[in-house]
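Written below as structure tokens is the structure these notes are about.
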Amino acid sequence: MSTLARLYRITGNVQGVFFRASAKTRAEALGITGWARNLEDGSVEVHAEGSTDALTQFASWLHTGPPAARVDTVEEHDVQTENPAAFSILH
């Protein structure tokens, strides 16, 4: 099984609503590694690495996010793998 890497940028009401922590929990449940961080423009950026199936499920979750979030858009791009050991929240 090959590992794919994708970079997501999520806009909407996604900061201050536990989006990054919820993304970490969801990623870990799917066996995805990577990171999530807040951007200065109010969006959240997520780098995720895993199988095609896991990334498809994760992307679907990103379109909704946690209950307090409002997701307007999710941009998705294939990127190079970074081979992180786990899923981290960057500050």
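What the table below lists for this structure:
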quantity: Unique match (being farther than 26 Å from Ser2 by Cα and in contact (Cβ under 8 Å) with a residue 24 or more places away in the chain) among Leu62, Leu55, Leu90, Leu39; calculated: Leu39
quantity: Residue ranges of strands (runs of 3 or more DSSP E) in region 22-91 with at least 2 members in contact with a His (Cβ under 7 Å, 6 or more places away or on another chain); calculated: 33-38, 70-78
quantity: Unique match (being within 11 Å of the chain's Cα centre (by Cα), crowded, with 16+ Cβ neighbours inside 10 Å and hydrophobic (A, V, I, L, M, F, W, C)) among Ala36, Ala59, Ala69, Ala54; calculated: Ala36
quantity: Members of region 23-56 found to be in contact with an Asp or Glu (Cβ under 7 Å, 6 or more places away or on another chain) and basic (Lys, Arg), listed by number; calculated: Arg37
quantity: Members of region 67-81 that are touching a residue at least 12 places away in the same chain (Cβ under 8 Å) and more than 18 Å from Leu39 (Cβ to Cβ); calculated: Ala68, Asp78, Gln80, Thr81
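Yes/no per residue for (1) at pLDDT below 95; (2) within 17 Å of Ser88 (Cα to Cα):
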| residue | (1), (2) |
| --- | --- |
| Met1 | yes, no |
| Arg6 | no, yes |
| Gly12 | no, no |
| Arg20 | no, yes |
| Lys24 | no, yes |
| Ala36 | no, yes |
| Ala68 | no, no |
| Val74 | no, no |
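The values are calculated or read from the model by the stated rules, or taken from the named source; none is laboratory data. No experiment lies behind these values; they were computed from the predicted model shown. Glycine gets a Cβ as well: all are built from the backbone with ideal geometry, and neighbour counts include every protein chain shown.
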